[in-house]
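So the structure is just underneath, and the comments pick up after that.
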Amino acid sequence: MSPRAFLPDHNSVAFAAARRVMPGGVSSPVRAFGAVGGSPVFAASARGAYVTGVDGREYLDLVGSWGPALLGHAEPGVVAVVQRAAERGLSFGAPTAGETALAEAIRMRLGAEAVDKVRFTSTGTEATMTAIRLARGVTGRDVIVKFSGCYHGHSDALLAEAGSGVATGGLPASAGVTAGATHDTLVLPYNDLAAVEAAFATRGAEIAAVITEPAAANMGVVPPEPGWNEALRRLTREHGALLIYDEVLTGFRVSPTGWWGLDGQPDGWAPDLFTFGKVIGGGMPLAALAGRSAVMDHLAPLGPVYQAGTLSGNPLSVAAGLATLERADQDVYRSIDAFSQEASSLASQHLTAAGIPHRLQRAGSLLSVFWGQAASSSPVTDYAAARRQDTALFARFFHAMLEAGVLLPPSAFEAWFFSAAHGPAELERLDAALTRIRNTLDAGSRPYLN
């Protein structure tokens, strides 16, 4: 019998069934709509810029599988490549030529000055966890510097002051994470160069690495201040520490070379390690860490830093990733950038006209809205400012948009994602949804503000 036969026809029924057999009814917490209330939309299918729920309703999708759907959902060429790969076998437990081809594609995009070795994992959490272990193994030091509100996966050492789902749930870290696990994690404010300089002045000889989202997008979209990333590169070099760019989210999404291509590549400098995910798997489970041989060759089997994974470099995932990167040309990025700009202007115009206090911020094609008077009074530059927003106001707006047929990330601390499948028709649909909300407010009923 097809699994579809067991799928309920309504979201609330599907959610009740899921809660009986899965903790919270989900496989990842933010999907549970805990921050916005109600039953999550259970997806039945997706194509292009749209997701269809189990109730048959079609939504304009601004989640994009949280980033991987760069080309849109179920892009026919990518699907065909994955189908052919599946016919050859789902997993081998052996190296494949597809891994080499995708690693070469990543190297070609970033250039020899940044990357000449790649190691694949299945998840972004594994990639960042391995990058931390590798940095400690290379330097012989213990301390890791991270920034408040930056999310680097759910490994124990990196859950301190994390954003994303941790911010959404209002959790300081997580139960089950011991004090020892985060003892060597030094958490500093994002965009606060004086704090980083002070940390290196007092503990520079202990610091193995600084890990950062080069453009933060897990506390809402918080761009780096001018010169911020370059200053991190300078300080880490001066003190013999490594710089890790966590581009699991931004990598190959905000430009053909990720965020580094927007701020580092033009000036000729690079971090010691990158971590990638999402786009490089084309919607399949895949992530990677990458860097120069002098660092990467410390990984087993060449070096003493151990990492392994039965499904790392899965043949279906690398096929999807390679097909996605091959199709992600300059026209794709220009299209997404243009849509992001137009959607940003449209959203801000409607929200302003409706009297909804907000601040809209962008980093490349990523955008998010910070809600309420406290967040709208000045640019949001760090986690403390991001947390001052009115998340209850966002929850009301979220459900208004859902009712109007637009699916947003169910958290005020997440970015909105667009794809090459988003075009004029999708902009009109977004305009219609925002107009509907605005007209409701203008008519004197203010259910989304009160």
Any hit, the range 226-236, residues being touching a residue at least 40 places away in the same chain (Cβ under 8 Å) and in contact with a strand residue (DSSP E or B) (Cβ under 7 Å, 6 or more places away or on another chain): no
Against the definition (open to solvent by 40 Å² or more (accessible area, probe 1.4 Å) and out of contact with any Asp or Glu (no Cβ under 9 Å at 6 or more places or on another chain)), how does Val21 come out, yes or no? yes
Do we find a residue being touching a Pro at 6+ places or on another chain (Cβ under 8 Å) and farther than 18 Å from Phe252 by Cβ anywhere in the range 308-315? yes
Qualifying residue in the range 337-349 (condition: over 19 Å from Gly281 (Cβ atoms) and buried (at least 22 other Cβ atoms within 10 Å of the Cβ)): yes
Looking only at the range 281-330, how many residues end up being open to solvent by 50 Å² or more (accessible area, probe 1.4 Å), more than 18 Å from Asp116 (Cα to Cα) and assigned to a helix (DSSP H, G or I)? 3
State whether one or more residues within the range 238-246 are touching a residue at least 60 places away in the same chain (Cβ under 8 Å), surrounded by 24 or more Cβ atoms within 10 Å (Cβ to Cβ), within 19 Å of Gly67 (Cβ to Cβ) and in contact with a Phe, Trp or Tyr (Cβ under 7 Å, 6 or more places away or on another chain). no
Within the group Arg57, Arg109, Arg133, which residue is touching a residue at least 40 places away in the same chain (Cβ under 8 Å) and under 30 Å from His183 (Cβ atoms)? Arg133
So, of the residues in the range 161-181 that are open to solvent by 40 Å² or more (accessible area, probe 1.4 Å), of a type outside the set (Asp, Glu) and modelled with pLDDT of 50 or more, which turns out to be farthest from Pro29 (Cα to Cα)? Gly180
Just checking, which of Leu262, Leu232 is in a helix (DSSP H, G or I) and open to solvent by 20 Å² or more (accessible area, probe 1.4 Å)? Leu262
From Arg84, Arg31, grab the single residue that is open to solvent by 30 Å² or more (accessible area, probe 1.4 Å), at pLDDT below 95 and basic (Lys, Arg). Arg31
In the range 114-123, is there at least one residue being under 25 Å from Glu326 (Cα atoms), more than 18 Å from the chain's Cα centre (by Cα) and at pLDDT below 95? yes
Kindly evaluate Gly149 against the criterion of being at pLDDT 65 or above, among the small types (Gly, Ala, Ser), touching a strand residue (DSSP E or B) at 6+ places or on another chain (Cβ under 9 Å) and crowded, with 22+ Cβ neighbours inside 10 Å. yes
Hey, among the residues in the range 265-280 that are surrounded by fewer than 22 Cβ atoms within 10 Å (Cβ to Cβ) and part of a loop (DSSP other than H, G, I, E, B), which one's farthest from the chain's Cα centre (by Cα)? Gly268
Can you name every residue in the range 398-427 that is open to solvent by 10 Å² or more (accessible area, probe 1.4 Å), aliphatic (A, V, I, L, M) and out of contact with any helix residue (DSSP H, G or I) (no Cβ under 7 Å at 6 or more places or on another chain)? Leu402, Leu407, Ala421, Ala425
Buried (at least 19 other Cβ atoms within 10 Å of the Cβ), under 20 Å from the mean Cα position of the chain (by Cα) and on the phi > 0 side of the Ramachandran plot: which single residue out of Gly364, Gly372 fits that description? Gly364
For the range 398-444, how many residues meet the condition of being among the acidic types (Asp, Glu) and touching a residue at least 40 places away in the same chain (Cβ under 8 Å)? 4
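The values are calculated or read from the model by the stated rules, or taken from the named source; none is laboratory data. These numbers come from a predicted model, not from an experiment. Virtual Cβ from ideal backbone geometry, glycine too; neighbours counted across all protein chains shown. Areas reflect the complete protein model, heavy atoms only, side chains present, ligands, DNA and RNA absent. Shrake-Rupley method; radii C 1.70, N 1.55, O 1.52, S 1.80 Å.
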